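Here is the structure we will look at, set down as structure tokens.
The values are calculated or read from the model by the stated rules, or taken from the named source; none is laboratory data. Predicted model, so just to flag it, every value in this text is computed and none were measured. Please note: Cβ atoms are built from the backbone with ideal geometry, for glycine as well, and neighbour counts cover all protein chains shown. All accessible areas refer to the heavy atoms of the entire protein, side chains included, with ligands and DNA or RNA removed. Shrake-Rupley method; radii C 1.70, N 1.55, O 1.52, S 1.80 Å.
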Amino acid sequence: EDSPLDGGPPDHSYSLSSGTTSEELLRKLNEQRDIIALLEVKMKEMKGSIRRLRLAEAQLREEIREKDRLLHAASAGTRKRHGL
């Protein structure tokens, strides 16, 4: 597979062509830094979303437990009133 920088095959996948300029390397490095910075922001956003979802899940589970408890208590009271 040809290297995108010089049109020829590289010696190794990590090799740079002899025609690569400092400006090209700096531009590539800055592009990679920008990508990493964006990914870090997205990761922080996702961590926040996960945290909020876990809190919402815990609240919903607590609501379900409370409703189950109330239903169980109401069901037990109905059975006692009807002599079951």
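Being at pLDDT 95 or above, on the phi < 0 side of the Ramachandran plot and open to solvent by 80 Å² or more (accessible area, probe 1.4 Å): is that true of E66 here? No; evaluated as a whole, the condition is false for this residue. Applying a threshold of 8 Å to beta carbon distances and a minimum spacing of six or more residues, or different chains, the list of pairs starting in the range 21-34 at a residue that is free of Cβ contacts under 8 Å to residues at least 60 places away in the same chain and ending at one that is of a type in the set (A, V, I, L, M, F, W, C) and in a loop (DSSP other than H, G, I, E, B) reads E24/L5; L25/L16.
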